[in-house]
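The values are calculated or read from the model by the stated rules, or taken from the named source; none is laboratory data. Quick caveat: nothing in here was measured; it's all calculated off a predicted structure. Using ideal geometry, Cβ is built from the backbone for each residue, glycine included, and neighbour counts are taken over all protein chains shown. What goes into the accessible areas is simple: the full protein's heavy atoms, side chains included, and nothing from ligands, DNA or RNA. Shrake-Rupley method; radii C 1.70, N 1.55, O 1.52, S 1.80 Å.
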Amino acid sequence: CLHLGSSSAVDSSCGVDLALQELSKMNSTALTQAFPFEAGAVWQVGKIRILIREHFPALFRSMCRKANVQNMGVDDAIGGHALLRGTPGTGKTYFMLVMFIQFLKMMRAASTVREEAFTGAVTSIRIKWDQLNGGTGILFDASEDHSSQYTKVHRVHLYDAGTTMVKLPGAQGDGFFLATASADRRHYAAWDSKAFVAKQYSVLWSPSELLR
């Protein structure tokens, strides 16, 4: 039920909803050992096999920079929005699962950790993904403080548009938002503003990757 980068790879019919719940129970050490974030590594998430493509680490760092993730945890932090677009089959939704696991590592890390594209200031993750939970939101929360101000600077929002969630939620407002969408403008219309949304474009699979 898996597979390398089709838009159905992250599909609740593959049990990804259960896999996410199991992932959320793992501690920092277990996550780091099971999911080394380096090109060529292969992750097994439930029934889903994930190949970490050559450009994934750099793409993740770029998405984090554009969403201003490095600013998280500071009371007057300015958030940001990063959007990954591309044609079906280029692995956008697949990459979204990789981003979730990376942010889950941050949520489990010590609050003092600060590295490039990695911060222990993340205490909650809200996801709204196509074909997962009917496109409605799921919250993973380890926060001790649930005030709106604390949440604003400690929560990451991950969105994926497609069949069951046709439009990305509006990108207005403070916070740290990262999203994926197809090249169909209906999916990302609410984010189509050069004023506050930084865009990235997904990369086609190479023959060697497809043979892995």
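Region 105-152 to region 55-78: how many Å between their Cα centroids?
Comparing the Cα centres of region 105-152 and region 55-78, I get a distance of 13 Å.
Using mean Cβ contacts within 10 Å as the protection proxy, how do 57-64, 177-184 order, highest first? Don't skip to the answer; put the middle values down first.
Working: 57-64: 18.2, 177-184: 24.0.
With the highest mean Cβ count within 10 Å placed first, the list reads 177-184, 57-64.
For LYS47, what accessible surface area do you get with a 1.4 Å probe? Give it in Å², rounded to 10.
For LYS47, solvent-accessible area is about 130 Å².
Taking amide hydrogens as modeled 1.01 Å from N in the peptide plane, which residues meet the under 5 Å criterion relative to ASP160, leaving out close sequence neighbours?
When sequence neighbours closer than 5 places are left aside, the close amide H contacts are LYS128, TRP129, ASP130, THR180.
Please compute the length gained on full extension between GLN21 and ARG185, using 0.36 nm multiplied by the number of residues separating them and subtracting their Cα-Cα distance. Don't jump to the answer; show the numbers that get you there.
Values: separation 164, 0.36 × 164 = 59.04 nm, distance 3.16 nm.
Computed gain between GLN21 and ARG185 is 55.9 nm.
Can you figure out the FRET efficiency of ALA58 with ASN133, using R₀ = 30 Å and their beta-carbon distance, to the nearest 0.05? Can you show the working numbers first?
On the way: r = 30 Å, r/R0 = 1.01.
Calculated transfer efficiency: 0.50.
Checking the table LYS66/LYS92; LYS92/LYS128; LYS66/LYS152; LYS25/LYS92 against a 20 Å threshold on Cα-Cα, which pairs fail?
Values: LYS66/LYS92 17 Å; LYS92/LYS128 14 Å; LYS66/LYS152 17 Å; LYS25/LYS92 25 Å.
Checking Cα-Cα distances, LYS25/LYS92 exceed 20 Å.
Pop the C-beta distance of ASP141 and ALA41 into the FRET formula with R0 = 30 Å and round what comes out to the nearest 0.05. All intermediate terms of the calculation are to be shown ahead of the outcome.
Values: r = 28 Å, r/R0 = 0.93.
Calculated transfer efficiency: 0.60.
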